[in-house]
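Peer 1: The structure that follows is given in the form of structure tokens.
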Amino acid sequence: MKGSIVLFGPPGAGKGTQATRIVEYTSKPQVSTGDMLRAALSNGTELGLEAKSFMEAGELVPDGVILRLISERLKMDDARNGVLFDGFPRTIAQAEELAKIAEVSAVISIQVPDDSIVQRIVGRRMDPETGEIFHVDFKPAPESIVNRLVQRKDDNESTVRNRLKAYHEQTSPLATWYDNQGLLIRVNGEQTIKQVGDEIFSQMFSVR
Ligand code: AMP
């Protein structure tokens, strides 16, 4: 597939989890603005500092900051055949700017109702060594690595509610925006990881 693919959905929908399989299949690199911002923050860069208070409050980081990150990332060599965006774009303004600098071939919308989101996010844990995401109930980590797992600072209930609010107010209108361009693929995110992946693959690439 030519061009870039966008993984779209509320926080905790499983975008990062599904990204792994799509990256393997398409060889397009995953570009997660959330991961890039967290890296900037832990490296103490100026951009990280600019983003910090928004992230901790569960609000969207201003478009200008995000677009600076993305335009730098897309200049890199591995982005020339398109990338897999995860968590970007999140506003119509971001999508409009993206359309000027890259071609979007498909937008995969992973649909999960609000009721499930909080439970999913609050139980989410990450292995800092591999970046793999686990869940205390739905995807328990092997006993041997449980002690090194970490929880994201913004994965607590009150921040999640703000992130959901930002999603509904600023991000979800993008689904209609992309649907009007014939790019939106809807997938039921309330299934097992494998079933969600299979649905993505059968709709996108006609394979399972
Ligand atoms: P994520 O890892 O995608 O859930 O992102 C974590 C946080 O980073 C979000 O709650 C926002 O504060 C910020 N963020 C990530 N991507 C974007 C984006 N495209 N636009 C604005 N803020 C973002």
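Peer 1: For the stretch 15-36, name all the residues that are open to solvent by less than 20 Å² (accessible area, probe 1.4 Å), within 14 Å of the ligand (Cβ to nearest atom) and outside any helix (DSSP H, G or I).
Peer 2: Those that are open to solvent by less than 20 Å² (accessible area, probe 1.4 Å), within 14 Å of the ligand (Cβ to nearest atom) and outside any helix (DSSP H, G or I): Val31, Ser32.
Peer 1: Would you please name the residue that is farthest from Ala106 (Cα to Cα), looking only at residues in the stretch 150-205 that are of a type in the set (Ser, Thr, Tyr) and out of contact with any strand residue (DSSP E or B) (no Cβ under 7 Å at 6 or more places or on another chain)?
Peer 2: Across the stretch 150-205, the extreme among qualifying residues is Ser158.
Peer 1: Before we move on, is Ser71 out of contact with any helix residue (DSSP H, G or I) (no Cβ under 9 Å at 6 or more places or on another chain) and part of a helix (DSSP H, G or I)?
Peer 2: Judged against the criteria, Ser71 is not a match.
Peer 1: Further question on the same structure: Among what's in the stretch 128-146 and is closer than 23 Å to Glu56 by Cβ and open to solvent by 60 Å² or more (accessible area, probe 1.4 Å), pick the residue that is nearest to the chain's Cα centre (by Cα).
Peer 2: Pro128
Peer 1: Moving on to the next point. List every residue pair whose Cβ atoms sit under 6 Å apart, with the two residues 6 or more apart in sequence or on different chains, where the first one lies in the stretch 165-177 and is touching a residue at least 60 places away in the same chain (Cβ under 8 Å) and the second, anywhere, is small (Gly, Ala, Ser).
Peer 2: Every condition considered, the pairs that remain are Leu174/Ala95; Ala175/Ser109.
Peer 1: Filter the stretch 16-30 for residues that are modelled with pLDDT under 95 and in contact with an Asp or Glu (Cβ under 7 Å, 6 or more places away or on another chain) and give the result.
Peer 2: Selection gives Gly16 alone.
Peer 1: Moving on. Quick check: is even one residue across the stretch 147-157 surrounded by fewer than 18 Cβ atoms within 10 Å (Cβ to Cβ), closer than 16 Å to Phe8 by Cβ and basic (Lys, Arg)?
Peer 2: Looking through the stretch 147-157, none of the residues is surrounded by fewer than 18 Cβ atoms within 10 Å (Cβ to Cβ), closer than 16 Å to Phe8 by Cβ and basic (Lys, Arg).
Peer 1: Now a separate question. What residue, among those in the stretch 78-100 that are more than 12 Å from the ligand (Cβ to nearest atom) and over 24 Å from Leu41 (Cα atoms), is least open to solvent (accessible area, probe 1.4 Å)?
Peer 2: Gly82
Peer 1: State all residues of the stretch 113-135 that are in a loop (DSSP other than H, G, I, E, B) and closer than 24 Å to Gln30 by Cβ; if no residue qualifies, say none.
Peer 2: Answer for the stretch 113-135, where residues must be in a loop (DSSP other than H, G, I, E, B) and closer than 24 Å to Gln30 by Cβ: Gly123, Asp127, Pro128, Glu129, Thr130, Gly131, Glu132.
The values are calculated or read from the model by the stated rules, or taken from the named source; none is laboratory data. The structure presented is a predicted model; accordingly, all values stated were derived computationally and were not measured. Reconstructed Cβ throughout: ideal geometry from the backbone, glycine too, with neighbour counts over all protein chains shown. Accessible surface is based on the protein model in full, side chains and every heavy atom, while ligands, DNA and RNA are left aside. Shrake-Rupley method; radii C 1.70, N 1.55, O 1.52, S 1.80 Å.
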